[in-house]
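The values are calculated or read from the model by the stated rules, or taken from the named source; none is laboratory data. Because the structure is predicted, anything quoted here is derived from the model rather than measured. Positions of Cβ are generated from backbone atoms using ideal geometry, with glycine treated the same way; all protein chains shown enter the neighbour counts. Accessible surface areas use protein heavy atoms only, side chains included; no ligands, DNA or RNA. Shrake-Rupley method; radii C 1.70, N 1.55, O 1.52, S 1.80 Å.
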Amino acid sequence: MELSSSFIHFTNPSTSSPCNHYSFSSSFSPFPIQIHTKNLKFANPTCPNHRIFAVAVDPQGPQQELPKNSPQRLLRELAERKRGTAPKKKFPPKKFILRPPLDDKRLAERFLNSPQLSLKAFPLLSSCLPSSRLNNADKTWMDEYLLEAKQALGYPLEPSENFGDDNPAKQFDTLLYLAFQHPTGERTRARHVRSGHTRLLFLGQYVLELALAEFFLQRYPRESPGPMRERVYALIGKKHLPKWIKAASLQNLVFPFDDMDKLKRMEREPPVKSVFWALFGAIYLCFGMPEVYRVLFEVFGMDPEAEDCQPRERRQLEDVDYVSVEFEGKKLSWQEVAAYKPPEDALFAHPRLFRACVPPGMHRFRGNIWDYESRPQVMRALGYPLKMEDRIPDITKARNIELGLGLQLCFLHPSKHKFEHPRFCYERLEYLGQKIQDLVMAERLLMKHLDAPGLWLQERHRRTLMNKFCGRYLRDKHLHRFVIYAEDVQEKFEHNRKMRNPATTAVQQSLHGLSYAVYGKPDVRRLMFEVFDFEQIQPKAVV
């Protein structure tokens, strides 16, 4: 920077030197700058006139010290402070930056080359495969850690690719790799890994809940759902999962660079929960529900009779009614539940589960007023009985009788008979129905939204199955009129929606539990998506 200024020559009458002081004013500061020339040496000191046309000023050099109370000093300090604390301009992360959409040709190639469309025989399994093929980094992890994981879980060490194309276990190595890539791991930056893992854990949590619900319903045929929920939480609650991961020696695969015992609880539990759920999602897809029981009770060593798995003590109602012969006097083990296959001429898809939820004493209600007046209307609205091909006609007749008794149990509110007969209400069927409708909806969303991550599916799942909506779909069919209440509370439930809506929600869920026990999972899908239209996509009648 250059300044051009004319100097004013001051003459000092007391001295003989003609040039002693020069003064000029600068635009940088209103204060005059004095230049003393006592020590200056000029080439021609006797020259009476000295003119300086320009002075170079270094803006980075030391500035003149101003008084403490000077306004210029305060302004300068304020400017420096603002310059030091001014927020830097934040750029949005790359995942939020809009990118131009793919053209039709590239989009078609991406979907056609995706592994998610490679298995036509197993649509659910195919929807949980990664959205793109595994790369070298993925195969490096598999080469290093996959054998250790398979050995800890009790699987053969040979590559699963050796299985035939008609065997879902052929994809087990890929799904097992995705199961261990929790959100805080190294490989989750890759989109296909992150999305594949979250989709597996989304499915696995409902697989676990249904497996343990079926197990405890058959193991404790007289118990109400409250204690069973406490048993389930004691086994697969978030704070208990690190214990099972360590029991199976899988902690080094979840935390390859950290000691799990030294991590804080908030750092340890979320990755373990994520891996645990995703692991059972992969096992369920490749091997089915019996293998889920084996890994739970054999590999992880869960003990339903352990002291810390027992429910809290509570006042129990006396149960004077009979249970089915296969439950009398013994507790079923997990091997009996996992290995059970219904006989060829069984009445139901899950006969033992039906017997565990519908007590034999329900036959005393056969032929009552509800059976004659309400049951035909309910069966007509639900599309029952379904057409079945039975070798013996008596099997069809017996199934329809049992179905009618199960429907009456679904509409039997606890206020009616629970205090005298604790199992003559819909509570156990409701507990089973909650779990099966969660799993059916999860499978539906996975197959319907192939490119959606698990967190988005979880939120969609929650909003679709919200309790008020479940009861609303039942009321839209005008089936809430058939719920059987006690005489002293019937008017309250019919006119108070805060009491009526939870009751109709429970009836809705118990219907799903009954349809699962009698006809299997396909009938639950029919009720949810065709009869009650949970997704609200069917055209509505114009009134």
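Quick one: is Arg375 open to solvent by 50 Å² or more (accessible area, probe 1.4 Å) and in contact with a helix residue (DSSP H, G or I) (Cβ under 8 Å, 6 or more places away or on another chain)? Let's see the steps before the verdict.
Details: open to solvent by 50 Å² or more (accessible area, probe 1.4 Å): yes; in contact with a helix residue (DSSP H, G or I) (Cβ under 8 Å, 6 or more places away or on another chain): yes.
So Arg375 passes the test.
Give Glu148, Glu144 a once-over and let me know the one that is open to solvent by 10 Å² or more (accessible area, probe 1.4 Å), among the acidic types (Asp, Glu) and without any contact (Cβ under 8 Å) to a residue 24 or more places away in the chain. Break it down into steps so the answer makes sense when it comes.
Working: Glu148 fails: without any contact (Cβ under 8 Å) to a residue 24 or more places away in the chain.
Only one candidate qualifies: Glu144.
With Tyr519, Tyr485 as the choices, which residue is in contact (Cβ under 8 Å) with a residue 40 or more places away in the chain, closer than 25 Å to Arg380 by Cα and in contact with a His (Cβ under 8 Å, 6 or more places away or on another chain)?
Being in contact (Cβ under 8 Å) with a residue 40 or more places away in the chain, closer than 25 Å to Arg380 by Cα and in contact with a His (Cβ under 8 Å, 6 or more places away or on another chain) holds for just one of Tyr519, Tyr485, which is Tyr485.
Answer yes or no: is there a residue in the range 260-277 that is crowded, with 16+ Cβ neighbours inside 10 Å, of a type in the set (Ser, Thr, Tyr) and closer than 20 Å to Arg194 by Cβ.
Scanning the range 260-277 turns up at least one residue that is crowded, with 16+ Cβ neighbours inside 10 Å, of a type in the set (Ser, Thr, Tyr) and closer than 20 Å to Arg194 by Cβ.
Return yes or no: is Phe202 open to solvent by less than 10 Å² (accessible area, probe 1.4 Å) and farther than 23 Å from Gly454 by Cα?
On the way: open to solvent by less than 10 Å² (accessible area, probe 1.4 Å): yes; farther than 23 Å from Gly454 by Cα: no.
Judged against the criteria, Phe202 is not a match.
Residue by residue, here is whether (1) open to solvent by 30 Å² or more (accessible area, probe 1.4 Å); (2) touching a helix residue (DSSP H, G or I) at 6+ places or on another chain (Cβ under 9 Å); (3) over 28 Å from Asp173 (Cα atoms) holds:
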site: Gly281; (1), (2), (3): no, yes, no
site: Phe287; (1), (2), (3): yes, yes, no
site: Tyr293; (1), (2), (3): no, yes, no
site: Asp321; (1), (2), (3): no, yes, yes
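Run Leu157 past the list (1) assigned to a loop (DSSP other than H, G, I, E, B); (2) touching a residue at least 40 places away in the same chain (Cβ under 8 Å); (3) in contact with a Leu (Cβ under 9 Å, 6 or more places away or on another chain) and report the number of the one that doesn't hold.
(2)
Taking the range 170-199, which residues are among the aliphatic types (A, V, I, L, M) and surrounded by fewer than 21 Cβ atoms within 10 Å (Cβ to Cβ)? It would help to see each step written out before you state the result.
Keep residues of the range 170-199 that are among the aliphatic types (A, V, I, L, M), which gives 175-176, 178-179, 190, 193.
Ala190 - this is the single residue of the range 170-199 that is among the aliphatic types (A, V, I, L, M) and surrounded by fewer than 21 Cβ atoms within 10 Å (Cβ to Cβ).
When residues of the range 408-426 are filtered for being surrounded by fewer than 20 Cβ atoms within 10 Å (Cβ to Cβ) and either polar (S, T, N, Q) or in a helix (DSSP H, G or I) (or both), how many remain?
4
Which one is least open to solvent (accessible area, probe 1.4 Å) among residues in the range 213-229 that are over 25 Å from the mean Cα position of the chain (by Cα) and basic (Lys, Arg)?
Arg219
Considering only the range 184-253, give the helices (runs of 4 or more DSSP H) lying wholly within it that have at least 2 residues that are closer than 14 Å to Arg428 by Cβ and not β-branched (Val, Ile, Thr). If you could, list the steps in order and put the result at the bottom.
Values: elements: 191-219, 225-236, 241-247.
Result: 191-219, 225-236.
Every residue, every condition in (1) at pLDDT 90 or above; (2) surrounded by fewer than 18 Cβ atoms within 10 Å (Cβ to Cβ); (3) outside any helix (DSSP H, G or I), yes or no:
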{"site": "Phe297", "(1), (2), (3)": "yes, no, no"}
{"site": "Asp303", "(1), (2), (3)": "yes, yes, yes"}
{"site": "Glu336", "(1), (2), (3)": "yes, yes, no"}
{"site": "Phe348", "(1), (2), (3)": "yes, no, yes"}
{"site": "Arg352", "(1), (2), (3)": "yes, no, no"}
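Suppose the filter is in a loop (DSSP other than H, G, I, E, B), polar (S, T, N, Q), surrounded by 14 or more Cβ atoms within 10 Å (Cβ to Cβ) and in contact with a Lys or Arg (Cβ under 9 Å, 6 or more places away or on another chain); does Ser126 pass it?
When the stated conditions are applied, Ser126 does not pass them.
What residue, among those in the range 354-371 that are assigned to a helix (DSSP H, G or I) and closer than 21 Å to Lys521 by Cα, is most open to solvent (accessible area, probe 1.4 Å)?
This residue is Arg355.
Please determine, by comparing only the residues of the range 496-543 that are closer than 26 Å to Glu402 by Cβ and among the charged types (D, E, K, R), which one is most open to solvent (accessible area, probe 1.4 Å).
Glu530
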